[in-house]
Amino acid sequence: MNKQTHEEPTQYLTFRLEDEIFAVNVNLVHEVLDWTSITVVPRAPEFMRGVINVRGSVVPVADLRLKFGMTETQKNIHTRIIVMELSIDNESTILGIMADAVKEVIELSPEHIENPPKVGSRWRTEYILGIGKRHEKFIILLDMERIFSSIESPLIDENQTSMEESHAKS
């Protein structure tokens, strides 16, 4: 069993990056958006693709494919931006992540979740809460708050501040 200690089933939003299915706790998700224009922010790390406007708010957008060492996400009819609220260093942060496709909301019971393998995994295990099993398929449950931990959060905050300043000048 993974880091979760409760016995109740948990709902996850599943999405695809390349041929892998990933999932995030549905409680983190604010909304799923169709592809929209992304404004590039100078000097941002490569995986931070830029910012978008979500009902008047500046929201940084990360490309998890780049963060995970894959090729850049390419826009197509299935590409989506998942907008989430994460607690990073005890601060609430709104962040969008790009997905090749959003699949569905599923429910997994703790008995259907195993710890990530310590060796032989393509993914950094510290980013993984567990491996879910559903219909003979594996689903990688991501720890989004760890992926965008204190190492990344100043960059996210810097992107938001930089974009807000450029909007204020125009």
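Here are a few things to note about the model shown:
- Take the Cα radius of gyration of the stretch 1-122 and divide it by 2.2 N^0.38 Å, N being the number of residues; the result is 1.12.
- Computed on the stretch 1-93, with alpha-carbon pairs under 8 angstrom and 6+ residues apart, the relative contact order is 24 percent.
- Cross-link table LYS75/LYS137; LYS103/LYS133; LYS67/LYS133, entries beyond 18 Å C-alpha to C-alpha: LYS75/LYS137; LYS67/LYS133
- Summarising the label geometry, the points placed 7 Å from Cα in the beta-carbon direction at HIS30 and ASN115 lie 3.6 nm from one another.
- Residues with amide H under 5 Å from that of VAL61, placed H, sequence gap 5 or more: ARG49, GLY50, VAL51, ILE52, GLY96
- In terms of the mean number of neighbouring beta-carbon atoms within 10 Å, the peptides 95-102, 45-52 order highest first as 95-102, 45-52.
We did not get these values from a lab; they are worked out from the coordinates using the rules stated. What you are looking at is a predicted structure, and each value in this text was computed from that prediction instead of being measured. All Cβ positions, glycine included, derive from the backbone under ideal geometry; neighbour counts span all protein chains shown.
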